[in-house]
């Protein structure tokens with residue numbers, strides 16, 4: 001059995017994600033779930049289809065577009081190339097990162113980070129809209145929604161969360177700081193919190209980037225990535241709170257490298273399946289044969305909760321998940 005898994009690992013990692021020879025199965029997704037170097041995957045469900053919007057993992061100057069992938073069953077994936085390109089966002093020159101997508105107001109909104117912005121530069125979090133999940137998405141504002149460095153947080157890695165009361169929040173931030181903001185109903189403007197402030201810092205211990213929010217059984221599960229994205233120790237940790245504002249007290253890691261599977265596992269999202277407690281974690285990782293920072297591929301595994309509501313550490317696999325139609 002051990003020899004089988006070693007052989008399978010060699011098949012999966014040989015030659016990089018762009019040309020990997022993975023064992024095809026009609027019943028299992030396999031990992032990675034589609035070819036190519038892709039990172040920071042945002043997973044969603046639209047019209048009984050699974051969708052994933054990742055970052056194209058390449059040099060910053062080459063990151064001028066975003067692809068998307070759709071599937072009816074988590075096993076068979078269709079690529080939708082260039083759902084967003086900087087041809088439709090004139091202020092972006094490079095580094096289009098970490099899309100966050102949501103359906104509202106009979107439209108699809110795609111938020112992203114652009115230009116790897118620093119103080120005094122043009123860039124940050126942009127918002128685009130489209131009539132279909134496959135785009136084409138076009139700039140909705142003609143400028144970034146958030147350009148400035150607030151509370152030390154680089155405006156990247158945004159995640160848009162709709163609470164049960166209909167309020168939209170956005171969590172974002174790199175450089176070890178995380179902010180949350182409130183969004184207007186049209187998702188194109190920031191609106192103040194009840195105390196009049198526009199930004200609230202909600203940074204938990206060890207936070208680096210990649211925030212994600214999941215609400216389950218009335219509790220708010222806040223997750224984020226730790227470590228450096230180019231290194232083997234990139235990982236995901238989480239907290240549980242009673243409100244969307246926290247406080248978010250770190251509980252522990254739920255996803256990290258496995259010396260038998262892959263390194264650099266992080267920047268994830270979570271998809272809810274049709275079952276009562278059926279959840280999937282979508283994330284990127286680095287094959288064991290790869291050392292380049294941009295050699296990242298998108299994978300999927302099951303996410304399980306314990307009876308006390310805590311999250312069971314994720315077991316990374318080469319097999320992926322079973323076919324699951326909505």
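The values are calculated or read from the model by the stated rules, or taken from the named source; none is laboratory data. Keep in mind that this is a model prediction, so the values were computed, not measured. In this analysis, Cβ positions are derived from the backbone assuming ideal geometry, glycine residues included, and neighbour counts consider all displayed protein chains.
Summary of values
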{"quantity": "Residue, surrounded by the most Cβ atoms within 10 Å (Cβ to Cβ), within region 94-107, restricted to residues that are part of a loop (DSSP other than H, G, I, E, B) and within 20 Å of the chain's Cα centre (by Cα)", "calculated": "96"}
{"quantity": "Every pair of residues 6+ apart whose Cβ atoms lie under 9 Å, when the first sits in region 156-174 and is on the phi > 0 side of the Ramachandran plot and free of Cβ contacts under 8 Å to residues at least 24 places away in the same chain while the second is part of a strand (DSSP E or B) and surrounded by fewer than 16 Cβ atoms within 10 Å (Cβ to Cβ)", "calculated": "none"}
{"quantity": "Of all residues making up region 176-186, the number that are touching a residue at least 24 places away in the same chain (Cβ under 8 Å) and surrounded by 16 or more Cβ atoms within 10 Å (Cβ to Cβ)", "calculated": "5"}
{"quantity": "Top-ranked residue of region 262-294 - restricted to ones that are in contact with a helix residue (DSSP H, G or I) (Cβ under 8 Å, 6 or more places away or on another chain) and surrounded by fewer than 21 Cβ atoms within 10 Å (Cβ to Cβ), ranked as nearest to residue 229 (Cα to Cα)", "calculated": "290"}
{"quantity": "Matching residues in region 59-93 - criterion: being surrounded by fewer than 16 Cβ atoms within 10 Å (Cβ to Cβ) and outside any strand (DSSP E or B)", "calculated": "59, 60, 61, 62, 72, 76, 87, 90"}
{"quantity": "Selection within region 108-152 - farther than 19 Å from residue 43 by Cβ and assigned to a strand (DSSP E or B)", "calculated": "114, 124, 125, 126, 127, 129, 138, 139, 146, 150"}
{"quantity": "Given (1) in contact (Cβ under 8 Å) with a residue 40 or more places away in the chain; (2) more than 18 Å from the chain's Cα centre (by Cα); (3) part of a loop (DSSP other than H, G, I, E, B), number of the condition residue 195 does not satisfy", "calculated": "(1)"}
{"quantity": "Which numbered condition residue 144 fails, given (1) over 19 Å from the mean Cα position of the chain (by Cα); (2) within 16 Å of residue 190 (Cβ to Cβ); (3) surrounded by fewer than 21 Cβ atoms within 10 Å (Cβ to Cβ)", "calculated": "(3)"}
{"quantity": "Hits in region 115-141 - residues which are touching a helix residue (DSSP H, G or I) at 6+ places or on another chain (Cβ under 8 Å) and buried (at least 21 other Cβ atoms within 10 Å of the Cβ)", "calculated": "128, 137"}
{"quantity": "Residue selected from region 298-317 under the condition outside any loop (DSSP other than H, G, I, E, B) and either modelled with pLDDT under 95 or over 16 Å from the mean Cα position of the chain (by Cα) (or both), by the criterion surrounded by the most Cβ atoms within 10 Å (Cβ to Cβ)", "calculated": "311"}
